[in-house]
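Remarks on the structure that follows.
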Amino acid sequence: MPRRTVAPYLLLAPSAVFLLMLFGWPVVSGVLQAFGYGSTLGFTSSYWQRMADDPRFWESVRNTLLLILVLLPVQFCLAIGMALLLRARLRFSGGYFYLWAVPLAVSDLAAGLVWLSIFTDRGYLNSMLAWFGADGVDWLNYQSPTRMLLAVVLAELWRSTSLVLVIVVSGMQLLPRDYDEAAQVLGATPWQRLRHVTLPLLKPSLQVALILRTILAFQAFAVAQALTGRQFPLLIGETYEWYVNLSDPNVASAVAVVVLAISMVTAVIYLRTLRSPEAEARR
Amino acid sequence: MTGDTVTRAPARTGAARPLPPVDRRPLRRLRLVRTAQHLVAILITLFMAAPIYLITLAAFSSRAELNRFPKAVWPRDVSIDTLRAFLLSPGTGVLPALVNSLSVGIGTLVVSLLIGAPAGYAVARYGFRGRDAYQLFLLLTRSLPVVVLAIPLASFFLNAGLYDTTYAVVLVHSVLALPTTVLITASVFVAVPVDLEEAALVFGCTRFGAFRQVVLPMALPGVAASSIFTFVLSWNEILAAAVLTLEVRTLPAQVLVSLSESPLRYQFAGGFVLVLPALLFILLMRRYLLNMWGSTIR
């Protein structure tokens, strides 16, 4: 194989140009736009002011953070449990894997609509309650943020756990079984094996899944819109609102930059905190 | 099975020493654990499958059934009227949106493959300066929120005369799909042995001929899997599609925009139509899912 050629650069060039034009440039100009570049006002922080003055913005920040804080721990426990069940090689595990992976190809809008059929006033959940003689509950009432949060969390749990599952399962496949067997021979309980053998070995996969899921969780919005209309604002939903309904691209960009900044910061924090013990162990 | 331990019948020879009792507890515990595992697996499956069943049921229920309360969770009044009205009545704009979605999906697939596959081949086959930087750049693209792109691009496309066309949406979806396409095709090309390619070169193929006649046939299934993935990504993308278009909506964008004014039964039908392809995609992709995430995450 030729050592030094221009061939790889020629092969890469189209994608690099494409990404710079349609990815690099828009990101930069989006950040500039949030500071008023290209508007009549010139360089300004007034769009940030307008964004911060909107009470819905703070509500959406609170909702987004709450959603992530409630969703992610539950989701990771569930996904790890599912992966362990698949590793146990039950009968029909191929079928289980298929059914558990299906939501991977479902959008958050679709997930919202699916769960709307369950949570809506005369939906399937209340129907089932009625069959058992219980009173229906107004699940998506705007006066009860807790119930709305619950509905959104369940819908997101249903939709996005498959991604964690797939990452964890593929990570588990790479683990040598020896360690687990050794621990078993030495008399470790299943819990000890999980806690001290499997989970530490899975850390790289878990880290990737955690970063990816957090970034994606900040991007969820259609699920809440489908379930609650505008009653349960999420950050990206606000961007959409500012852009489409209020026709203010600058403020919309400001909100988008907030999402961008939070995503980046959380990714860095995860990389730092999760990597340090591992690096120490290696020393 | 009776009792914890069973004493084996004394040997017929009448030898005095009975065998020690067989400890069946581990076996029973194993059975118990297995049963519990099955139970939990079934519960999880119920959680994952029931929503899909229920939305299907809702989409195939008649209007009268959907207005009834309490609803039955079994098919009581099956009809395709709701779905037909959702898909065909001109007021909902669903059929053109469906066509747009398909053409955007296929366009995205073609563009990202044309641009991404050569890059994937380069990443797989050549060591060159800047390779790590390029891969880092790809990773960055994967992790940024779409919305940061969508808004500046909207004004860009407005100036370029591409606003509210499927081309604009295809371009943005291709950007989103490109990193994954490059990484998946790279992992596919890595799996094709270099020896075969070199053998073809030795026997007088040109570099391109070797690629076309040897590498491509072997890489095709993996490339197909990556295309399905791209299509799914485009099919599910909502925000950019909604921001970049007004009339020429893709299906999810159309459903999102008409969310507030459409009746519940159309929302259910929309949910069903959006979920349906997922069942097929994952069925096709089952074998590749693990390889894909295993290879793309590193």
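Taken together, the values in this text are just the output of simple stated rules run on the coordinates, not laboratory data. Here the structure is a predicted model, which is why all the values come from computation and not from measurement. Cβ atoms come from the backbone with ideal geometry, glycine included; neighbour counts cover every protein chain shown.
Okay, here's what the table says:
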{"read-out": "Kirkwood-based shape ratio for segment B:118-200, expressed as Rg/Rh from alpha carbons", "value": "1.12"}
{"read-out": "Label-point gap, in nm, between B:R131 and A:S46 - each point 7 angstrom along Cα→Cβ", "value": "5.2 nm"}
{"read-out": "Helix B:131-143 axis, angle to chain B major axis (alpha carbon atoms, nearest 10°)", "value": "80 degrees"}
{"read-out": "With Cα atoms, 0 to 90° folded angle of helix B:264-296 axis to chain B main axis", "value": "70 degrees"}
{"read-out": "Radius 15 Å from Cβ of B:V148, net charge of other residues (Lys, Arg +1; Asp, Glu -1)", "value": "-1"}
{"read-out": "Globularity ratio of segment A:1-129, using Cα Rg and 2.2 N^0.38 Å", "value": "1.74"}
{"read-out": "C-alpha long axis of helix B:166-191 to longest principal axis of chain B, angle in °", "value": "50 degrees"}
{"read-out": "Alpha-carbon Debye profile of chain A, log10 I(q)/I(0) at 0.08, 0.12, 0.14 Å⁻¹", "value": "-0.49, -0.97, -1.16"}
{"read-out": "Share of pairwise Cα separations in segment B:144-272, more than 19 Å, in percent", "value": "62 percent"}
{"read-out": "Alpha-carbon gyration tensor eigenvalues x 5, square-rooted, for segment B:60-143, Å", "value": "49, 17, 11"}
{"read-out": "Bins of 10 Å, starting at 0 and running to the largest distance - Cα pair percent for the protein assembly as shown", "value": "3, 15, 24, 25, 17, 9, 4, 2, 1, 0, 0"}
{"read-out": "Zero-based 10 Å bins, Cα pair distances in segment A:165-283, whole percents", "value": "12, 28, 25, 18, 12, 5, 1"}
{"read-out": "Residues whose placed amide H lies under 5 Å from that of B:S61, excluding near-sequence neighbours", "value": "B:S79"}
{"read-out": "Taking the C-alpha atoms of segment B:180-249, convex hull volume expressed per residue in Å³", "value": "101 Å³"}
{"read-out": "Semi-axis lengths, Å, segment A:96-230, gyration tensor of Cα atoms, sqrt of 5 times eigenvalues", "value": "37, 18, 13"}
{"read-out": "In range of the label at A:S144: residues from segment A:92-122 whose backbone nitrogen is under 17 Å from the point 7 Å along Cα→Cβ", "value": "A:116-122"}
{"read-out": "Shape category assigned to segment B:13-97 from the gyration tensor of Cα positions, a/c cut at 1.5", "value": "prolate"}
{"read-out": "13 Å beta-carbon shell around B:A117, net charge (K/R +1, D/E -1)", "value": "+2"}
{"read-out": "Inter-centroid distance (Cα atoms) of segment B:122-158 relative to segment A:85-120, Å", "value": "30 Å"}
{"read-out": "Estimated FRET transfer efficiency (B:R24, A:T273; beta-carbon r; R0 45 Å; 0.05)", "value": "0.45"}
{"read-out": "Distance (nanometres) between label positions extended 7 Å along Cα→Cβ at A:Q184 and B:E247", "value": "6.5 nm"}
{"read-out": "Cα-Cα P(r), segment A:64-121, percent of pairs per 5 Å interval", "value": "4, 14, 15, 21, 22, 13, 7, 2, 0"}
{"read-out": "Radius 11 Å from Cβ of A:Q75, net charge of other residues (Lys, Arg +1; Asp, Glu -1)", "value": "+1"}
{"read-out": "Kirkwood hydrodynamic radius of chain B, Cα pairs, Å", "value": "23.8 Å"}
